[in-house]
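Just below is one structure, and these are the notes that go with it.
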Amino acid sequence: MDFTFVSGDLALDFAGTVGSRRTDRVELLTGPADLAAWTTAAGLVDVAPDVDERGFADALVLREEVYRLAVAARDGEDYTDLALLNDHAARPPVAVGLGADGGIVRTGDLAAVLATVGRAAVDLLARPLAAQVRECGADTCTRLYVDHSRRGARRWCDMKRCGNRVKASQFRARHA
């Protein structure tokens, strides 16, 4: 699976597991195995948790909630219906410890993973950081990201993908 982590925030990277939301929707989490793979690819846990159909469905509901609230942040709107997000954020997160080799050890079940994503969303959506949520400027990309640029002028979720495509398209149009 081709997961990308370019949003500058864990919660937005989770919401970004759906691409092209307004056109040809691309679903990267097509089943429990994909969600389990995402948890390790995101670096949330060292060993993927067991994910059943119910846990998978709960994760997708949380993902859409994070996206909805991040869009509200982008648009400067007040948040509504926060119970689901706050419920997840209140649960015990992924456990982090120090391994014998000096590395970080991350463990947790799916509920802990979703709690960690929920906490990341709460941290992101708390003002003033929420004012830095942007949507990619590429026509078909709907990925949200945190604009950490010095002037707040970042235009694309990822320069290597969307930014390069847009610039190449503009170049071709100028020279056609």
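The values are calculated or read from the model by the stated rules, or taken from the named source; none is laboratory data. On a predicted model such as this, the values are computed, not experimentally measured, just so you know. Reconstructed Cβ throughout: ideal geometry from the backbone, glycine too, with neighbour counts over all protein chains shown. Accessible surface areas use protein heavy atoms only, side chains included; no ligands, DNA or RNA. Shrake-Rupley method; radii C 1.70, N 1.55, O 1.52, S 1.80 Å.
Scanning region 19-28 for residues that are over 20 Å from residue 134 (Cβ atoms), outside any strand (DSSP E or B) and modelled with pLDDT of 95 or more turns up at least one hit. Residue 164 falls short on exactly one of the conditions (1) in a loop (DSSP other than H, G, I, E, B); (2) open to solvent by 80 Å² or more (accessible area, probe 1.4 Å); (3) at pLDDT below 95, and that condition is (1). Among the residues making up region 129-146, those that are surrounded by 15 or more Cβ atoms within 10 Å (Cβ to Cβ) and either of a type in the set (Lys, Arg) or outside any strand (DSSP E or B) (or both) are 130, 132, 134, 136, 138, 141, 142, 143. Being charged (D, E, K, R) and either open to solvent by less than 60 Å² (accessible area, probe 1.4 Å) or assigned to a helix (DSSP H, G or I) (or both): is that true of residue 46 here? Considered against the rule, which asks whether it is charged (D, E, K, R) and either open to solvent by less than 60 Å² (accessible area, probe 1.4 Å) or assigned to a helix (DSSP H, G or I) (or both), residue 46 comes out as no.
For region 109-125, does any single residue satisfy the condition of being outside any helix (DSSP H, G or I), more than 19 Å from residue 5 (Cα to Cα) and either at pLDDT 95 or above or among the β-branched types (Val, Ile, Thr) (or both)?
Checking region 109-125: at least one residue is outside any helix (DSSP H, G or I), more than 19 Å from residue 5 (Cα to Cα) and either at pLDDT 95 or above or among the β-branched types (Val, Ile, Thr) (or both).
Here region 6-15 is the region considered, the condition is being in a loop (DSSP other than H, G, I, E, B) and either open to solvent by less than 10 Å² (accessible area, probe 1.4 Å) or modelled with pLDDT under 95 (or both), and the residue that is nearest to residue 134 (Cα to Cα) is 7.
Pairs meeting the criteria (first residue in region 59-78 and closer than 13 Å to residue 124 by Cβ, second residue β-branched (Val, Ile, Thr) and outside any helix (DSSP H, G or I), beta carbons under 6 Å, at least 6 apart or on different chains) are 70/133; 73/133; 74/133. From the list 64, 77, 53, the lone residue that is surrounded by fewer than 16 Cβ atoms within 10 Å (Cβ to Cβ), of a type in the set (Asp, Glu) and in contact with a Gly (Cβ under 9 Å, 6 or more places away or on another chain) is 53. Restricting to region 18-43, and then to whatever is open to solvent by less than 60 Å² (accessible area, probe 1.4 Å) and of a type in the set (Val, Ile, Thr), can you tell me which residue is nearest to the chain's Cα centre (by Cα)? Among those residues, the one meeting the criterion is 18.
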